[in-house]
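Report on the following structure.
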Amino acid sequence: GVDDDPEDQGVAMPVVKGNLQPVLDKVNTIYWFRKALRLHDNPSLVRAVQGASTFHPVFCVDTEAPGASSFVRTGKVGVNRMKFLLETLDDLNQSLNNMDSRLMV
């Protein structure tokens, strides 16, 4: 089944600048990949891109942030785990490239 735990899902944030009227016509979406580093079987990603005129996927590597991915928290990262993370991010970026997008890290 689909895990609805918000910790495992990305976070979509509409970007609003200036007057709200243009927002009704154009929605720029930033999608923050956290743990669900995949395009398939990702309900929060599907919701994020629905109605978006532009889509900006991001992954933040911040070992000290309170919400940092368990992959990169200080003291929990071994060589194999970091290699897996980098390979997964590369694979995600390649999938996004196939859709004329790219992952911002």
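The values are calculated or read from the model by the stated rules, or taken from the named source; none is laboratory data. Here the structure is a predicted model, which is why all the values come from computation and not from measurement. Backbone-built Cβ (ideal geometry, glycine too); neighbour counts: all protein chains shown. All accessible areas refer to the heavy atoms of the entire protein, side chains included, with ligands and DNA or RNA removed. Shrake-Rupley method; radii C 1.70, N 1.55, O 1.52, S 1.80 Å.
Here are the criteria: (1) part of a loop (DSSP other than H, G, I, E, B); (2) modelled with pLDDT of 85 or more; (3) of a type in the set (Ser, Thr, Tyr). Tell me which single one residue 70 does not satisfy.
Exception for residue 70: condition (2).
If you take the residues of segment 75-90 that are under 21 Å from residue 30 (Cβ atoms) and in contact (Cβ under 8 Å) with a residue 12 or more places away in the chain, which of them is surrounded by the fewest Cβ atoms within 10 Å (Cβ to Cβ)? Give the steps one after another, and end with the answer.
Start the filter on segment 75-90 by keeping residues that are under 21 Å from residue 30 (Cβ atoms), which leaves 85, 88-90.
Right, trim to in contact (Cβ under 8 Å) with a residue 12 or more places away in the chain and you get 85, 88-89.
Details: 85: 17, 88: 15, 89: 17.
Step by step, filter segment 75-90, then rank; the result is 88.
Report every pair of residues separated by at least 6 positions or lying on different chains whose Cβ atoms are under 9 Å apart, first residue within segment 35-64 and closer than 16 Å to residue 99 by Cα and open to solvent by less than 70 Å² (accessible area, probe 1.4 Å), second hydroxyl-bearing (Ser, Thr, Tyr) and in a helix (DSSP H, G or I).
Close Cβ pairs satisfying both conditions: 37/88; 39/95.
Here are some conditions: (1) modelled with pLDDT of 90 or more; (2) under 14 Å from the mean Cα position of the chain (by Cα); (3) in a helix (DSSP H, G or I). Residue 57 meets all but one. Which one does it not meet?
Status for residue 57: all satisfied but (3).
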